[in-house]
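*Asks:* Take a look at this one; I'll ask things after.
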Amino acid sequence: MKEEAGPFRRMAGSRPDISILIVGIGRKNAERALRDYLKSCRSRGNETQIKKQSESPDVVSYRLVLTCGFAGGLNPDLKLGDVVFEPGTQTPESGTQLIAAGAKPAKFFCADRIATTVGEKKKLRAETGADAVEMESAAIHEVCAEQGIPCITVRVISDTAHEDLPLDFNQLSKPDQSLDFGKLFLAIAKSPGKIPALMQLGKKTKFAAERMAEVLGKVIG
C-alpha cells in the first residue's frame, strides 16, 4: 500500500537503479501486479533492443526483489517497528546487509486474511511456527522464482502478537481486498468509541513505515 511505501519512496524514489511497485493487498493482487509490471518491462526492453539492434534478449533485468510492507507479529518477542526478513539461499550477502542494518531473521506465514485478534495470532503461531504474518510475499516469491530473480521478504511489525486490531478489516474490504471506505465510515459511526484506537493504529503504522525505510536506506546505501 502507498502508506507502507511512502517513507521509502521519499528516500529513494528518484534513484534510477531502484523501482518501487505498489502491488495491493493479498496474493492475487500481488501476483497480477508483479506479472504485469515485469511484462511491461520486458516489452520496453524489447523495443530498446530493436532500436539498438542489440543481441541481448533481456535489456531490462533486476538483480533483487524485496517484498516489503507491514506484518502482524506472531512471535510475542517481536515489538512494534521491528524489521524482520526471511533469509534466501540465493542472497546471503543481502541477508548479511539486512542484519547489519538492524533487521532480524524470521519465518513468515502468508495468509489469505488479516489476523485481527490475539487469538488468531496465537493459533497461527501454534499451527505454522511463523514469527510474523503477511499476505503477499508467497505470490511474489513464486513469480520471481519463475523469472530467476532472487527475492527476500522484508517486513516491519505494525501490530504485535499481544494486541487486537481495533476493527475486523476483513469485514471492511471490497472483493479485491482493498479497503471499502464506505464500510469503514459506517463501522466508525456505529462504534465511535473505536476512533481513539484507530488514530493510535495510524500512528503505529506511520512509525513502522518510517522504521522500515530507515533499515532499507542503510541496505541500499
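The values are calculated or read from the model by the stated rules, or taken from the named source; none is laboratory data. All of these numbers come straight from a predicted model, not from anything done at the bench. Cβ placement follows ideal geometry from the backbone for every residue including glycine, while neighbour counts extend to all protein chains displayed.
*Asks:* Counting only residues that are more than 16 Å from Asp82 (Cβ to Cβ) and among the hydroxyl-bearing types (Ser, Thr, Tyr), which one in the range 121-177 is surrounded by the most Cβ atoms within 10 Å (Cβ to Cβ)?
*Replies:* Going through the qualifying residues, I end up with Ser137.
*Asks:* Select, from Val23, Val59, Val83, the only residue that is at pLDDT below 90, surrounded by 12 or more Cβ atoms within 10 Å (Cβ to Cβ) and touching a Lys or Arg at 6+ places or on another chain (Cβ under 9 Å). Step through it out loud before you land on a result.
*Replies:* On the way: Val23 fails: at pLDDT below 90; Val83 fails: at pLDDT below 90.
Answer to the check: Val59.
*Asks:* Quick one: which of Arg155, Arg125, Arg211 is over 21 Å from Phe109 (Cα atoms) and at pLDDT 95 or above?
*Replies:* Values: Arg155 fails: over 21 Å from Phe109 (Cα atoms); Arg125 fails: over 21 Å from Phe109 (Cα atoms).
Testing whether each residue is over 21 Å from Phe109 (Cα atoms) and at pLDDT 95 or above leaves just Arg211.
*Asks:* I would also like to ask the following. Hey, any hits in the range 184-195 for a residue that's of a type in the set (Phe, Trp, Tyr) and either surrounded by 13 or more Cβ atoms within 10 Å (Cβ to Cβ) or touching a helix residue (DSSP H, G or I) at 6+ places or on another chain (Cβ under 9 Å) (or both)? Steps first, please.
*Replies:* The first filter runs over the range 184-195 and keeps only residues of a type in the set (Phe, Trp, Tyr), leaving 185.
Narrowing the set further to residues that are either surrounded by 13 or more Cβ atoms within 10 Å (Cβ to Cβ) or touching a helix residue (DSSP H, G or I) at 6+ places or on another chain (Cβ under 9 Å) (or both) leaves none.
No, that holds for no residue.
*Asks:* Quick check on Ile195: is it of a type outside the set (Asp, Glu) and assigned to a loop (DSSP other than H, G, I, E, B)?
*Replies:* Criteria not met by Ile195.
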